[in-house]
2 protein chains.
Amino acid sequence: MALIVQKYGGSSVADAEKIKNAARRIAATRDEGNEVVVVVSAMGKTTDNLVSLAYQVNEHPDDRELDALLSTGELVSSTLLAMALAAMGYQAISLSGAQAGITTTSSHRRARILNIEPRRISKELEKGSIVIVAGFQGITEEMDVTTLGRGASDTTAVALAASLKAEVCQIYTDVEGVYTADPRVVAEAQPLEEIGYEEMLELASHGARVMHGRAVELGELYEVPIQVSSSFTGKPGTLIHGGVSMEVRNKVRSIAHDLDIAKITVVGVPDRPGIAAAIFEPLAGAGISVDTIVQNASVDNITDLTFTVASGQEDEALKVVEPIAREIGARECVSDSRLGQVSVVGTGMQNTPGFASRMFSTLSEQGINIQLITTSEIRITCIIEEDRVEDAVRALHRAFRLDAKE
Amino acid sequence: MALIVQKYGGSSVADAEKIKNAARRIAATRDEGNEVVVVVSAMGKTTDNLVSLAYQVNEHPDDRELDALLSTGELVSSTLLAMALAAMGYQAISLSGAQAGITTTSSHRRARILNIEPRRISKELEKGSIVIVAGFQGITEEMDVTTLGRGASDTTAVALAASLKAEVCQIYTDVEGVYTADPRVVAEAQPLEEIGYEEMLELASHGARVMHGRAVELGELYEVPIQVSSSFTGKPGTLIHGGVSMEVRNKVRSIAHDLDIAKITVVGVPDRPGIAAAIFEPLAGAGISVDTIVQNASVDNITDLTFTVASGQEDEALKVVEPIAREIGARECVSDSRLGQVSVVGTGMQNTPGFASRMFSTLSEQGINIQLITTSEIRITCIIEEDRVEDAVRALHRAFRLDAKE
C-alpha cells in the first residue's frame with residue numbers, strides 16, 4: 001500500500017460542487033489501495049475576502065492577527081472536504097496545521113516550517129481514514145497560528161510528503177501541468193511529461209505560476225517526486241523529479257515570462273568595497289525582494305548598479321535607495337517600471353554552445369531591444385520592454401522548436 | 001484595577017462598522033482603568049452560512065467536522081476585533097478557545113467545559129493587552145475542537161469570568177436587558193434593573209431569548225454578577241445576581257412566552273412502575289429535549305402521560321414513543337403542535353397566595369383555554385393555543401401591573 005499526498009488549490013475547491021469533484025478524485029486514489037493525505041487551500045477568493053475584511057477595520061493589521069484570521073480559510077475547506085468524502089462513504093478526518101503537527105518559526109505571514117511531528121496523521125491513517133490537512137499554516141512553540149506566505153499550501157504538501165515518506169506528492173491545480181510556455185500566450189505550447197527540480201525552480205522563480213518555488217526546492221532536498229495535474233481533467237500532467245530521462249537533457253525545455261518587472265539603476269556609484277551591501281541590506285530589511293542584480297564593469301572607479309524588483313515595489317525601493325545613493329556619492333537613481341522578462345530554461349545549457357546566441361538573434365530579428373541579461377547554469381534571462389514580452393515568448397518558442405511534440 | 005469580562009453577540013459584530021463600535025465600547029472600559037477580557041460570537045449570520053455550506057456537501061455532516069468548521073466563525077470575529085482595537089491604539093490579542101485554555105468533554109456540538117487553564121490569558125493581561133477570546137468553542141484532550149452548542153458564547157464568557165474571578169461579566173447583545181415581557185409583544189414592557197439568577201433561569205428556559213440558561217446557571221454556581229446590556233445604546237441594562245433587593249421579592253417580575261411547543265399524550269397507559277423511564281430514556285437517547293411532563297391521576301390503574309417538546313421535534317419524538325406505547329399496552333399517542341406557553345416568574349410565589357388564581361382568571365377572562373399547567377417555586381406556566389399566546393402575555397402583563405415603572 002503506497003502513501004500518496006495530494007494538494008488541491010483554491011480553484012479546485014471553490015464551491016460545493018468543486019469540493020465534491022475533488023472528493024471523487026481522492027476517493028478514486030483511495031480505491032486504488034493507497035493511503036491518502038490531502039492538503040487543501042482556502043476556497044476560491046476566501047483569503048482575499050478575509051484580507052479585505054481586515055483592512056476594513058485596520059489599515060495596518062497586525063501580522064499575528066492576520067495569520068490567525070487567514071488560517072480559517074483552510075480550516076473551512078478542509079472540514080468541508082472531509083464531510084464530502086464522508087457523504088460518499090469514505091472515512092475522513094480534517095486536521096488543522098497545529099493538529100497535523102506542523103511547527104514553524106514565529107515570523108508571521110512568512111513562517112518557515114521547523115518540524116513536522118506526524119503522530120496524529122499516522123494514527124488516523126492507521127485507523128483507515130483519509131486525512132485532510134489545512135494547508136498554508138502551522139503553529140509556533142507558543143501555540144500561535146502562523147501562515148507560510150501566499151500560495152504556500154504547495155509547501156505544506158511537499159513537506160508532509162517528505163515527512164511521511166510518501167511515494168509522490170500530487171499537486172492538483174487549475175492548469176494541466178507544466179508547458180513549454182504559457183498556453184495563454186503561445187497556442188502551440190506543449191505539455192511536458194516530466195521536468196527536473198532545478199529547471200522547475202528556475203521556471204517558478206521567473207514567472208511560471210504553476211507552482212510555488214519553495215515547494216520545488218523542498219521536493220529536491222527531500223527527493224519527493226511532485227506530479228502537477230489539473231483537478232478538472234483526467235490527464236496525468238507533469239512529473240517534477242530528479243531522475244529526468246537522458247534524452248530531454250541538454251535542450252531548452254520551457255520559456256518562462258514575467259510582465260511585472262521594474263528596473264532601478266544607481267548611476268555613477270564609486271566602486272569600492274561595501275557599496276553593494278550598503279544598498280541591498282536596507283532593501284532586504286524593508287522586505288523588498290530584489291530579483292536580478294547587474295553591475296557594469298567599472299571605468300575610472302565609477303560603476304552603474306542595476307537591479308530589478310516586482311513592478312509594484314518600485315516606489316518603495318526608490319524610497320529606500322535614493323538616500324543611500326546620495327550618502328555614498330552616486331550621481332542619481334533612474335527607474336523604469338514598464339519592463340518584463342523572458343527566460344529560456346533547460347539543463348546543460350552552459351555546456352552546449354549556441355543557446356544564448358540563438359536567443360539573442362531571435363529577439364533581434366523581432367526588433368526587440370535587450371536591456372539586461374542574466375544567466376544561470378540552466379537559464380538565460382533577458383529583460384525587455386513589457387509590451388514586447390509576449391512577442392518574444394512566441395518567437396523563442398518557435399526558434400527552439402518547442403511546438404514539436406516530445 | 002478591576003477585571004471585567006465582556007461578551008459581544010453576533011449582531012454586535014455583524015460588520016466592520018459594528019466591530020469598530022464594539023471596539024470603542026471595549027476601549028472605554030479599558031480607559032476607565034480596567035483589565036478587559038472579551039468573548040465574541042461569530043459575525044451576524046456566519047454560523048448559519050457555514051452550516052448551509054456543510055449541508056451542501058453532506059446531508060448528515062459529522063459532528064467533529066461541523067465543530068471544526070463552525071469554530072472558524074468566532075476565530076474570524078475575534079481577530080477582527082483585536083485588529084480594530086489596535087487601529088485605535090490599544091494593545092489587543094485574539095485567542096482561540098484552545099489558546100485560552102478551555103478544555104471540554106468530547107461530546108461534539110454540545111460539549112461541556114471541563115476546565116479553564118487561563119495561563120495564557122493572564123500572561124497577556126500582565127503585558128497590558130486586551131484579550132479577545134473566540135466564544136462557543138473549546139478543545140478536547142486529544143486537541144480536537146469542540147463547540148458548546150448554539151448561543152453558548154454566553155457560557156464561555158461566564159465561565160471565563162468565574163475562572164478569572166472577574167468583577168462582573170457584561171453581556172452585550174441586541175436588546176437593552178431583561179424586560180417585564182418581550183417588548184415586541186407588549187409595548188408597555190419595562191426594563192428590569194436587576195433580577196435573581198433563579199428567576200432569570202426560569203425566564204431563559206421558558207422562552208425569554210435574552211441569554212442562555214446554561215450561562216445563568218454557571219453564574220449562580222460561581223456567583224458571577226452578569227450585566228446584560230445593548231451594545232448599541234449607552235443604557236446600563238439588567239444586572240443578574242444573587243443579592244436582589246428585598247423589595248422586589250415576592251412579586252411577579254416578568255412574563256415569558258414561547259410559541260413553539262408541541263404536546264404529545266400517551267393515552268391509556270397502564271399505571272405501573274418503570275413506565276415513565278421506558279418512555280423518557282429513549283427520548284433522551286435520541287437527543288430530544290422534553291420540557292414539561294404531566295401525568296394525570298390514575299383511574300383503574302390506567303393513566304394518561306403528557307409531555308411537551310419543541311415544535312420541530314414533534315415527529316421525531318412520535319417516532320420514538322409510538323413503538324414503546326404499543327409495547328407497554330397504551331391505547332394510543334396523540335399530538336398537537338399548535339401550542340405555546342406563557343409563564344409568570346417571580347420569587348416567593350409559592351408562599352404568596354393569589355398568584356396562580358389571578359393568572360388563571362386572567363386567561364379565563366380572555367376566553368383562553370388552559371391545556372396544561374406546571375409550576376415551580378418561582379414560576380407558573382400554562383400551555384395554551386399558540387395563536388392566543390401573545391394575547392395572554394399582554395393580559396397578564398396588565399393583570400400583574402408590570403407596566404408600572406419600578
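The values are calculated or read from the model by the stated rules, or taken from the named source; none is laboratory data. Values in this document were obtained by computation on a predicted structure and should not be read as measured data. Neighbour counts run over all protein chains shown; Cβ positions are idealised from the backbone, glycine included.
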### Message
Of everything in the stretch A:82-96, what is at the interface with chain B (Cβ under 8 Å from one of its Cβ atoms) and crowded, with 20+ Cβ neighbours inside 10 Å? Give them in sequence order.
### Response
A:A82, A:M83, A:A84, A:A86, A:I93, A:S94, A:S96
### Task
Could you look through the stretch A:143-165, keep only residues that are within 17 Å of A:E223 (Cβ to Cβ) and surrounded by 24 or more Cβ atoms within 10 Å (Cβ to Cβ), and pick out the one that is nearest to the other protein chains (Cβ to nearest Cβ)?
A:L160
### Query
In this structure, does A:A98 turn out to be at pLDDT 95 or above, closer than 20 Å to B:T146 by Cβ and not basic (K, R)?
yes
### Of the criteria (1) within 14 Å of chain A (Cβ to nearest Cβ); (2) touching a helix residue (DSSP H, G or I) at 6+ places or on another chain (Cβ under 7 Å), which one B:G135 fails
(1)
### Task
Within the stretch A:231-241, count every residue that is in contact with a helix residue (DSSP H, G or I) (Cβ under 9 Å, 6 or more places away or on another chain) and assigned to a strand (DSSP E or B).
3
### Task
Output the residues belonging to the stretch B:55-74 that are more than 7 Å from chain A (Cβ to nearest Cβ) and buried (at least 22 other Cβ atoms within 10 Å of the Cβ).
B:D67, B:L70, B:S71, B:G73, B:E74
### Task
Can you work out which of the residues in the stretch A:209-236 that are at pLDDT 90 or above and buried (at least 24 other Cβ atoms within 10 Å of the Cβ) is farthest from A:R112 (Cα to Cα)?
A:V228
### Task
Give the stretch A:55-73 a look and list any residue that's over 21 Å from the mean Cα position of the chain (by Cα) and either within 23 Å of A:T173 (Cα to Cα) or hydrophobic (A, V, I, L, M, F, W, C) (or both), or say none.
A:V57, A:L66, A:A68, A:L69, A:T72
### Members of the stretch B:202-230 that are within 23 Å of B:K251 (Cβ to Cβ) and not in a loop (DSSP other than H, G, I, E, B)
B:E202, B:L203, B:A204, B:G213, B:V216, B:G219, B:E220, B:I226, B:Q227, B:V228
### Query
Got a sec? Which strands (runs of 3 or more DSSP E) wholly within the stretch B:76-151 have at least 2 residues that are more than 19 Å from B:A166 (Cα to Cα)?
B:102-104, B:137-139, B:145-147
### Message
Please verify whether A:I4 is within 27 Å of A:K127 (Cα to Cα) and in a strand (DSSP E or B), treating the condition exactly as stated.
### Response
yes
### Task
State whether one or more residues within the stretch B:225-239 are without any contact (Cβ under 8 Å) to a residue 40 or more places away in the chain, within 20 Å of B:G149 (Cβ to Cβ), touching a Gly at 6+ places or on another chain (Cβ under 7 Å) and aliphatic (A, V, I, L, M).
no
### Query
So which of B:E188, B:E199 is out of contact with any strand residue (DSSP E or B) (no Cβ under 9 Å at 6 or more places or on another chain) and either without any contact (Cβ under 8 Å) to a residue 40 or more places away in the chain or outside any strand (DSSP E or B) (or both)?
B:E188
### Query
Within the group A:S107, A:S77, A:S52, which residue is more than 8 Å from chain B (Cβ to nearest Cβ), over 22 Å from A:A215 (Cα atoms) and within 26 Å of the chain's Cα centre (by Cα)?
A:S52
### Query
Could you say whether any residue in the stretch A:254-272 is over 25 Å from A:V210 (Cα atoms) and in a helix (DSSP H, G or I)?
no
### Query
How many residues are more than 14 Å from every other protein chain (Cβ to nearest Cβ) and either free of Cβ contacts under 8 Å to residues at least 24 places away in the same chain or surrounded by 24 or more Cβ atoms within 10 Å (Cβ to Cβ) (or both) if we restrict to the stretch B:13-37?
5
